[in-house]
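Contents: one structure, followed by commentary.
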Amino acid sequence: EQKELVEICRKNALEKLSLRIGRQSNEVSVLEELMQIVGLKKLPEYIEAYDISHTAGKNNVGGMVVFRNAKPYKSAYRRFIIKGFEGEDDYRSMAEVLERRIGEYEKHKNSENTFGIKPDIILIDGGVGQVKAVRQVLRNSPFADIPVFGMVKDNRHRTRAMTDDGDEITIDSKRRVFRLITEIQNEVHRFAVEYHHKRNTLASKCLTLMQIEGIGRERATQLLKEFKTIDRISKASIEELASVKGISKALAQKIYNHWR
């Protein structure tokens, strides 16, 4: 009876808390579950999650998604092109993304830009290796005190557990917190892959344009920025092509002739 009374008190307190801070009780509850499972000292109201996407090391990009009060906060999503190296290295890619994230925090911490917000927890789509790479970057930075956990998938690419430095935290699939972690992991993966596909498409279009003498990657990118599609470039007049930054009248003539 005493146990039941304590549970009623806890639920009442949770309900009052949710009303006070303007959230639904189930949102507070799932964040409370996450807080307890990973041993946080406060509700993780602002969660950042990261993933890397590439094709055999080509067009390497990173995605960052944010969940605020257990819901996607899309205006805070960010994309990163990996610039520090070429090739396939997820650990190094993740480290670069977090280094740049910290740099953006330093620039915007006194502004309204969402980069100026410190997350309560950082989640990585990956295992121990990715977690260690990120923690190494966070050390001696303003993010040094932020907990970092990996979101581990099974061999069917479904969320299985969370991990820190090696120990796995298994989450019952029937619990609300499991559904939240799964949603976060799926969302950050989707966001990173979507950007990678976009970069792949852009690279393919650039290669098409680079077959024209005098067109390098920079000019190809500028043409695509202006006309959006290869089809529109192929139908453009010499005057329209020459109006693009970096495209001379002579080069515009070459582009025009190429499609004809």
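The values are calculated or read from the model by the stated rules, or taken from the named source; none is laboratory data. Model, not experiment: these values are computed from the prediction. Glycine gets a Cβ as well: all are built from the backbone with ideal geometry, and neighbour counts include every protein chain shown. Areas reflect the complete protein model, heavy atoms only, side chains present, ligands, DNA and RNA absent. Shrake-Rupley method; radii C 1.70, N 1.55, O 1.52, S 1.80 Å.
Summary of computed values
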| quantity | calculated |
| --- | --- |
| The range 49-75 - residue that is touching a Lys or Arg at 6+ places or on another chain (Cβ under 9 Å) and within 13 Å of residue 180 (Cα to Cα) and, of those, most open to solvent (accessible area, probe 1.4 Å) | 69 |
| Residue within the range 154-161 that is in contact (Cβ under 8 Å) with a residue 12 or more places away in the chain, open to solvent by 20 Å² or more (accessible area, probe 1.4 Å), in contact with a strand residue (DSSP E or B) (Cβ under 7 Å, 6 or more places away or on another chain) and assigned to a loop (DSSP other than H, G, I, E, B) present | no |
| Enumeration of residues in the range 76-108 that are open to solvent by 80 Å² or more (accessible area, probe 1.4 Å), over 12 Å from the mean Cα position of the chain (by Cα) and either modelled with pLDDT of 90 or more or under 14 Å from residue 124 (Cβ atoms) (or both) | 83, 91, 92, 99, 106, 107 |
| Residues being crowded, with 19+ Cβ neighbours inside 10 Å and part of a helix (DSSP H, G or I) - total across the range 116-131 | 2 |
| Tally of residues being within 26 Å of residue 220 (Cβ to Cβ), acidic (Asp, Glu) and in contact with a strand residue (DSSP E or B) (Cβ under 6 Å, 6 or more places away or on another chain) across the range 168-207 | 0 |
| Residue in the range 178-191 that is farther than 18 Å from residue 123 by Cβ, of a type in the set (A, V, I, L, M) and at pLDDT below 95 present | no |
| Residue match in the range 241-251 (condition: open to solvent by 70 Å² or more (accessible area, probe 1.4 Å), in a helix (DSSP H, G or I) and under 12 Å from residue 209 (Cα atoms)) | no |
| Odd one out for residue 141 among (1) out of contact with any Pro (no Cβ under 9 Å at 6 or more places or on another chain); (2) under 20 Å from residue 90 (Cα atoms) | (2) |
